[in-house]
Amino acid sequence: MRIAILCHVRQPIAQPFAGGMESQCWHLAAGLQARGHDIVLFASGDSDPRFSIQPVIAEHYEKTFPDAEHRGFAPLIAHLDAGYAAACDRIATGGFDVLHNNSLHRFPLEPARTARVPTVTSLHVPPYDALRWFVQASVTPNHRLTTTSARQRDAWWPDDAPPEVSVLHNGIAPDAWPFVAQGDGSAVWCGRMTPDKAPHLAIEAARIAQVPLTLFGPVEDRAYWDGVVVPLLDGSIRYGGHLEAAALAAAIGRASVFVFTPCWDEPFGLVAVEAMACGLPVATFDTGAVREIVGDAGWFAPTGDVAALAEAIAAARHAPRVPQRARVEAMFTRDRWLDRCEALYSDACREREPS
């Protein structure tokens with residue numbers, strides 16, 4: 001199949017990944033390409049050049065418009081609207097069999113567009129006002145929509161989802177996250193350095209548990225990082241940097257417990273799955289879809305309860321590691337995910353309305 005993958009363009013689709021959306025778009029393109037599909041990535045122009053790139057915008061917008069996200073900044077909105085309008089027009093005339101839309105933009109959802117190119121839209125975030133109506137109005141027979149968890153699906157469609165909507169769990173390549181039979185007694189945290197990811201709470205809990213902790217990930221909110229997180233770093237609490245996947249997998253695998261501290265309605269939790277693949281039990285806040293995804297591999301604390309999280313860290317780090325790996329291999333592999341994507345593409349193409 002000739003497949004267009006339309007991406008969110010806040011960050012480039014390239015390593016080291018800024019977050020789960022960037023990682024999943026990269027692995028979607030690489031995985032489908034390896035299966036023989038003709039893939040064109042509609043992304044920021046500074047994305048990974050190993051793919052055939054059609055730029056939505058020349059460079060990711062966090063570089064062009066730093067710190068403008070979620071602020072209703074009119075120049076950024078106009079910039080993105082122009083880029084996505086042109087990209088959607090190119091997709092419509094590009095001879096594509098199907099579009100996999102991961103953009104979080106309203107234009108690819110328009111029924112007039114999905115009638116021209118069968119579309120699968122993957123929703124990676126909880127519902128928000130700027131997109132909610134457009135998503136709900138976009139449901140047609142040749143437009144399939146997915147969420148990353150049942151919890152996320154029910155948030156988007158609290159009164160029962162239509163049949164065109166299904167849960168598509170994210171997937172990883174287990175070989176890229178090697179299993180390690182025993183950790184070194186330490187804890188590890190990974191994610192974007194923002195208040196809603198709450199590394200500062202992971203630090204507080206690790207201190208109470210008297211467990212060394214290493215943080216990994218990009219510094220997204222500089223004021224939060226400098227003002228809240230950096231003052232908490234010391235000999236037992238360190239920052240390991242923002243690493244590419246292979247180095248990050250090795251660093252995570254050495255630890256004994258993964259600390260997960262989402263303070264929002266977490267729709268999936270890719271970093272937790274990656275850590276589980278390495279064998280790490282997960283000490284986590286019980287929020288969003290975390291219990292659905294982590295399951296028996298998790299030790300749970302109420303969101304924001306640092307003392308309870310410290311207890312979870314102390315209990316989890318002595319747990320057997322094989323069950324975590326087994327859960328990933330049973331539920332969250334890249335092959336399973338790609339199989340489902342291909343089935344969704346076929347469904348959308350079959351339902352294509354006559355032109």
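The values are calculated or read from the model by the stated rules, or taken from the named source; none is laboratory data. Please read these numbers as outputs of a predicted model, since none were measured by experiment. Cβ sites come from the backbone with ideal geometry, for glycine too, and all protein chains shown count toward neighbours. The protein model used for the area step is the full one, side chains on, heavy atoms only, and it has no ligands, DNA or RNA in it. Shrake-Rupley method; radii C 1.70, N 1.55, O 1.52, S 1.80 Å.
Quick notes
- Legend: Rg and Dmax of the chain, from Cα coordinates, 20.2, 65 Å.
- Taken about its Cα centre, the chain carries a charge dipole of roughly 500 debye when the Cβ of each Lys and Arg holds +1 and the Cβ of each Asp and Glu holds -1.
- Counted charge near Pro12, where neighbours are those whose Cβ lies closer than 10 Å (Asp, Glu -1; Lys, Arg +1): -3
- Of Pro267, Pro66, Pro55, the one that fluctuates the most in a GNM where the chain has Cα springs shorter than 10 Å: Pro66
- Using C-alpha pairs under 8 Å with a sequence gap of at least 6, the mean separation divided by the residue count of the chain gives a relative contact order of 16 percent.
- With DNA, RNA and ligands ignored, accessible area of Arg238 (1.4 Å probe; Å², nearest 10): 120 Å²
- Ordered by 1.4 Å accessible area with all protein chains kept, Arg254, Arg153 run largest first as Arg254, Arg153.
- Here's the picture: charge each Lys and Arg Cβ at +1 and each Asp and Glu Cβ at -1 in the chain, and of Ala161, Ala18, Ala137 the one pushed furthest to the positive end of that dipole is Ala18.
- Simple point charges give the picture: +1 on the Cβ of Lys and Arg, -1 on the Cβ of Asp and Glu, and for the range 111-217 a dipole about the Cα centre of about 300 debye.
- Each Lys and Arg adds +1 at its Cβ and each Asp and Glu adds -1 at its Cβ; summed about the Cα centre, the range 220-267 shows a dipole of about 280 debye.
- Heavy-atom SASA rank of Thr261, Thr93 (probe 1.4 Å, accessible area, largest first): Thr93, Thr261
- Taking all protein chains as they are arranged and a probe of 1.4 Å, the heavy atoms of Glu311 leave approximately 130 Å² accessible to solvent.
- For the set Met193, Met21, Met1, solvent exposure ranked by accessible area (probe 1.4 Å, protein chains only) runs largest to smallest as Met1, Met21, Met193.
- Quotient of C-alpha Rg and 2.2 N^0.38 Å, computed over the range 240-355: 1.28
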